[in-house]
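S.K.: Here you go, one structure.
The values are calculated or read from the model by the stated rules, or taken from the named source; none is laboratory data. Nothing here was measured: the structure is a model prediction, and the numbers come from that model. Cβ coordinates were reconstructed from backbone atoms using ideal geometry, including for glycine residues, and neighbour counts include every protein chain displayed. Heavy atoms of the whole protein, side chains included, go into the accessibility calculation; ligands, DNA and RNA do not. Shrake-Rupley method; radii C 1.70, N 1.55, O 1.52, S 1.80 Å.
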Amino acid sequence: MPTGTRIRASVAAAIVLAVVVVLFAQDRLGAPRVSLDGPALDEIRGDEIAAHIKFLSDDLLEGRAPSTRGGRLAASYLATQLATLGYGPAGDKGTYFQDVAILESVVSPSFTLTAGKGTPFTYRQDVVAFTGRQEPRVRVDGELVFVGHGIVAPEYKWNDYAGIDMTGKVALVMVNDPPATADEPQLFGGRAMTYYGRWTYKYEEAARQGAVGAVLIHTPESATYPWQVVQSSWTGTLYSLPPSAGEPTLALKAWVSNDAATEIVRRAGKDLDSLRAASLKRGTAPQPLGISVSATIDQKVQQKISQNVIGVLPGTNPQEGIIFSAHYDHLGTAEPKPGEPADADRIYNGAIDNASGDAGTLEIAQAFARARTRPRRSVYVMFPTAEESGLLGSAWFAAHPALPASAWAANINIDGLNFAGPARDIVLLGAERSSIGTVASELAARHQRVVGADPEPERGYFFRSDHFSLAKVGIPAVSIGEPVDFIGKEPGFAKRVHDEYNEKRYHQPSDEFQQDWNYAGAVQDMRLLAELGWRLANDPAMPTYNPNEQFARPRQ
Ligand SMILES: [Zn+2]
């Protein structure tokens, strides 16, 4: 701001202050501000977003992988920013850092799966496997039970484990969720995928049922990806959290190809397609197959430590909080590939994913820090680690939260900002699941904007970033998605932006800072999320999930 403007602004402010002292205040530059009650929205600026991204996505940070020097540098930068903004430390032992233990395991490819009488099934070709246990050798032997989709969903009156004790047994499970029917078009979310359809849920439920193992049946349609994706994502180094005390774990977590599953069921004298067809009807009993499954998992396991970064701006009632989150980890640096030129770019800079989210979150943090008043609830800002390895940092936080799960009004998660220009819509994944959606829609309308719906609910994006770890323990959560309605652009524009990012940058070394980014949309979005956070931090009533929502249950 030029000096002359500043002086005139100061004079104007002084006059107004003399008239209505309570309504106006001076900020540190002397400009007048009327935002006595609310975040300092003009503290959210494009040039500052750019500056944070430039640093965090610099090659010097080597792709910010957990437990690497670059990852630690990023964490240190974020903690320093929070400290300079006046946030207090909310990590372990009076620091901004919360240690997260991460297990890295590599299963020996000599693994085979024996099922009934006949040739064992081969690693990679027929089966991939992993264990929820930490020992270097884990043996499993149990009776196989076909459990349909492996779902226990009281709100849909659905229980695939009804009447069976799974203790010591191995579940054979279909992925995805049962299709809606003509009579029940909203069964399991209709077209949308519910969490009951995700593979992570299948393992969690089997473990809760006391099973020793769960074998998921892959089909390209139900998984929405080919067997090659299962092969590549379930072999090599796998990341997990060590189980917490008393948490049920599976000795065997496996996927089998559809051909292998068909053969296994044939060995039990049954037909897989008939079992699958029958399981689509509510009330179909689990089917003990009368054959056993056995396997030995040999693995190399090591534990590493990485850090969540957490700061807090105390509210007038610090017993309750809201939490903004944006993961800072990314994919690190790739090993050189044979035949690759020596100067090939191997650093995953993660400028959009998720240096941009960190930058936006820091701007929101600044808008709260420079507000004239403090909201009722404390404002926490968390930068989780190991999101890319399976939401591990946020899952650790959910298990070791700064406040009890019931004390959190909301989580607002930011994973990727929009740099393609202003949009009419702001997509908030999960908005339709809780009262946060209503508040957000009201605020958006005041700015002539709308809260857009998830354009691809069948892909389950709600389950794929850190807010989901908090949703699972019952905390109402939303996460920003990509807009579809850009102002002044032709209808195909949003799809072009989306496709170009996915093909050319997403999870590639080319996700780098771009000179031609347009910050107007991101600034609008961050200002709206700051206002949303302020409302949620002040509303006397806590936000709640809709009564039938799966994630309402942990807090009931
Ligand atoms: Zn991300």
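S.K.: In the chain, how does Rg compare with the Kirkwood Rh, expressed as the Rg/Rh ratio over alpha carbon atoms?
M.R.: Value, to two decimals: 1.00.
S.K.: Residue-wise, which Karplus ³J(HN,Hα) couplings in Hz belong to region 292-298, taking 6.51 cos²θ - 1.76 cosθ + 1.60, θ = phi - 60°, and x for glycine or proline?
M.R.: 10, 10, 9, 6, 10, 9, 9
S.K.: Here's a follow-up. If each residue of separation counts as 0.36 nm, what is the full-extension length gain between K337 and I487 once their alpha-carbon separation is subtracted? Numbers along the way, then the final one.
M.R.: Values: separation 150, 0.36 × 150 = 54.00 nm, distance 4.26 nm.
So the chain would gain 49.7 nm between K337 and I487.
S.K.: Counting only helical runs of four or more DSSP H residues, what would the 222 nm mean residue ellipticity of the chain come to if each run contributes -39,500 (n - 2.57) and the total is spread over all its residues?
M.R.: Calculated at 222 nm, the ellipticity per residue is -8500 deg cm²/dmol.
S.K.: Same structure, new question: Longer than 27 Å from Cα to Cα, which of K472/K495; K93/K253; K202/K300; K270/K472; K300/K337; K253/K337 are they? Say none if no pair is. Numbers along the way, then the final one.
M.R.: On the way: K472/K495 31 Å; K93/K253 35 Å; K202/K300 25 Å; K270/K472 36 Å; K300/K337 24 Å; K253/K337 30 Å.
Violating the 27 Å limit, Cα to Cα: K472/K495; K93/K253; K270/K472; K253/K337.
S.K.: Just want to confirm a number: the relative contact order over the chain, from Cα pairs under 8 angstrom separated by 6+ residues, in percent.
M.R.: Normalised by residue count, the contact order of the chain is 20 percent.
S.K.: ³J(HN,Hα) across region 233-244 via Karplus (A = 6.51, B = -1.76, C = 1.60, θ = phi - 60°), whole Hz, x for Gly/Pro?
M.R.: Result, rounded to whole Hz: 7, 10, 10, x, 6, 10, 10, 7, 8, x, x, 7.
S.K.: A further question on this structure: In debye to the nearest 20, how big a dipole does the chain give about its Cα centre with +1 on each Lys and Arg Cβ and -1 on each Asp and Glu Cβ? Let's see the in-between values first.
M.R.: On the way: 53 positive and 63 negative charges, 222 e Å.
Computed about the Cα centre, the dipole is about 1060 debye.
S.K.: To continue, here is another question. When the Cα atoms of region 421-499 are enclosed in a convex hull and the volume is divided per residue, what value in Å³ results?
M.R.: It comes to 93 Å³ per residue, whole-number rounded.
S.K.: Positive end of the charge dipole of the chain (Lys, Arg +1 and Asp, Glu -1 on Cβ, about the Cα centre): tell me which of G437, H218, T68 has its Cα farthest that way.
M.R.: Positive-most Cα among the choices belongs to G437.
S.K.: At a 1.4 Å probe radius, carbon and sulfur cover how many percent of the accessible area of the chain? Display every interim value, and only then the final one.
M.R.: Values: 12970 of 23850 Å².
Roughly 54 percent, rounded to a whole number.
S.K.: Another question about this same structure. Which of the peptides 485-495, 132-142, 345-355 is most tightly packed, and how do the rest follow, going by the mean number of other Cβ atoms within 10 Å of each residue?
M.R.: The packing order, highest mean first, is 345-355, 132-142, 485-495.
S.K.: So if R0 is 25 Å, what FRET efficiency would R266 and Q228 give, r being the distance between their Cβ atoms, rounded to the nearest 0.05?
M.R.: 0.55
S.K.: Another one. Please find the FRET efficiency linking T112 to A278, where r is the Cβ-Cβ separation and R0 is fixed at 51 Å, and quote it to the nearest 0.05.
M.R.: That pair, T112 with A278, gives E of 0.95.
S.K.: Still on this structure: At most 14 other Cβ atoms within 10 Å and a DSSP loop assignment: could you name the trypsin sites (Lys or Arg not before Pro) in region 191-239 that fit?
M.R.: Within region 191-239, the qualifying trypsin sites (Lys or Arg not before Pro) (loop, at most 14 other Cβ atoms within 10 Å) are R191.
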